[in-house]
Amino acid sequence: ERLSGLLLMARTANPQAFNSLDQALAEELARRAALALDNSQLYAGSLRANADLEARVTARTEELHRALAQLQQNNLALETEITERQAAEERFRNLLQTAPDATIIVDGAGKIVMANQHASVVFGYDHDELLGQSVEVLLPQQQKAQHRRHRRQYMKAPDFRSMGRELDIHGRRKDGSLFPAEVSLSPLQTPEGVLVTASVRD
């Protein structure tokens, strides 16, 4: 239902008018020419569409390759960071285990998150028994409430502090026996929050 072109036919040898048969032939020729022209245009459009599709696929493939390369690079950096962090943690644990004093690490809520072997010996607990306990479990009953208040105050502005000289501090072993103790505190900033390292000397 649209104009594709114009077919002009002329007769020079015999100038008489076209009859109905001639007209039918001309119309058929025009129809076939229009069909051929349409097919040609459709084919050209198909080629353009394919070329455009291929260009988009190529661009998308390149984009995916770049994203994959970036992801691999990020993964490599992350693996390196994890390996370095694990190595640092291992060095820290080794240093903690070789510390000459009983060493306990406590989180902001006063829960024991780490302790060395010497702490287990001094307080008489197995290592796993200490983890997750409130640090007040290592104090005499009469000092627990006061220590909780001191701990909460300390966590507002944690600093390096030696407690043994200012306070009469006693440690409490698992069997209930007490011993006089000197305690040094040192804060440690971590991604999970402030941890406090307590070095305890009998």
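Taking Cα centroids, how far is the range 134-202 from the range 5-58 in Å?
97
Using the alpha carbon gyration tensor of the range 89-128, what are the three equivalent-ellipsoid semi-axes (square root of 5 times each eigenvalue), largest first, in whole Å?
15, 14, 8
Please work out the FRET efficiency for the pair Arg148 and Val57, using the Cβ-Cβ distance as r and a Förster radius of 41 Å; give the result to the nearest 0.05.
Working from the Cβ atoms, E equals 0.05.
Mean-square fluctuation check for the chain, GNM, Cα pairs under 10 Å: which of Ala24, Ala55, Ala87 is largest?
Judging by the Gaussian network model, the answer is Ala24.
May I have the extent of the alpha carbons of the chain along their three principal axes, as whole Å values ordered from largest to smallest?
135, 31, 28
Report in % the part of the accessible area of the range 109-149 that belongs to carbon and sulfur, leaving out ligands and nucleic acids; probe 1.4 Å.
The computed percentage sits at 50.
Ranked highest first by average number of other Cβ atoms within 10 Å, how do 16-23, 99-106, 5-12 line up?
Ranked from most to least packed, the peptides come out as 99-106, 16-23, 5-12.
Find out how many positive minus negative residues lie around Pro191, taking Lys and Arg as positive, Asp and Glu as negative, among other residues whose Cβ is under 14 Å from that of Pro191.
With Lys, Arg at +1 and Asp, Glu at -1, the net is -3.
Counting pairwise Cα distances across the range 23-62, what percent come out greater than 16 angstrom?
55
Would you mind telling me which residue in Asp159, Asp38, Asp126 has the biggest mean-square fluctuation in a Gaussian network model of the chain, where springs connect alpha carbons within a distance under 10 angstrom?
Among Asp159, Asp38, Asp126, the largest mean-square fluctuation in the Gaussian network model of the chain belongs to Asp38.
Let me spell out the model: positive unit charges on the Cβ of Lys and Arg, negative unit charges on the Cβ of Asp and Glu, origin at the Cα centre of the chain. What dipole size does that give, in debye rounded to 20?
640
Any idea what the dipole of the range 1-81 comes to, in debye rounded to 20, about its Cα centre with Lys/Arg Cβ at +1 and Asp/Glu Cβ at -1?
Result for the range 1-81 is approximately 400 debye, rounded to the nearest 20.
Among Asn116, Leu47, Ala69, flag the residue with its Cα farthest along the positive direction of the charge dipole of the chain, charges on Cβ as +1 for Lys/Arg and -1 for Asp/Glu.
Asn116
Just add up the charged neighbours of Arg60: K/R +1, D/E -1, any other residue whose Cβ is under 15 Å from the Cβ of Arg60.
Overall, the nearby charge balance is -2.
So how far apart, in nm, are the two label points at Lys174 and Gln16 if each is 7 Å from Cα heading toward Cβ?
Placing both labels 7 Å beyond Cα along the Cβ direction yields 12.8 nm.
Counting only heavy atoms of protein chains, what accessible area per residue, in Å², does the chain have with a probe of 1.4 Å?
73
Mind telling me which of Arg31, Arg66, Arg93 comes out most flexible in a GNM of the chain, alpha-carbon contacts under 10 Å?
Judging by the Gaussian network model, the answer is Arg31.
Given labels modelled 7 Å from the Cα in the Cβ direction, how far is it in nm from Asn50 to Arg91?
Taking the two extended label points, one gets 6.2 nm.
Grab the Cα-Cα distance for Glu192 and Glu81, subtract it from 0.36 nm times how many residues apart they are, and report the gain in nm with one decimal.
38.3 nm
Percent of Cα-Cα pairs per 10 Å bin, from 0 to the last occupied bin, for the range 1-97, please list those.
12, 17, 14, 11, 10, 9, 8, 7, 6, 4, 2, 1
Tell me the chymotrypsin sites (Phe, Trp or Tyr not before Pro) within the range 119-202 that lie in a loop according to DSSP and have at most 10 other beta-carbon atoms within 10 Å.
Phe160
The values are calculated or read from the model by the stated rules, or taken from the named source; none is laboratory data. Since this is a predicted model, take the numbers as computed values, not measurements. Using ideal geometry, Cβ is built from the backbone for each residue, glycine included, and neighbour counts are taken over all protein chains shown. SASA here: full protein model, heavy atoms, side chains in, ligands and nucleic acids out. Shrake-Rupley method; radii C 1.70, N 1.55, O 1.52, S 1.80 Å.
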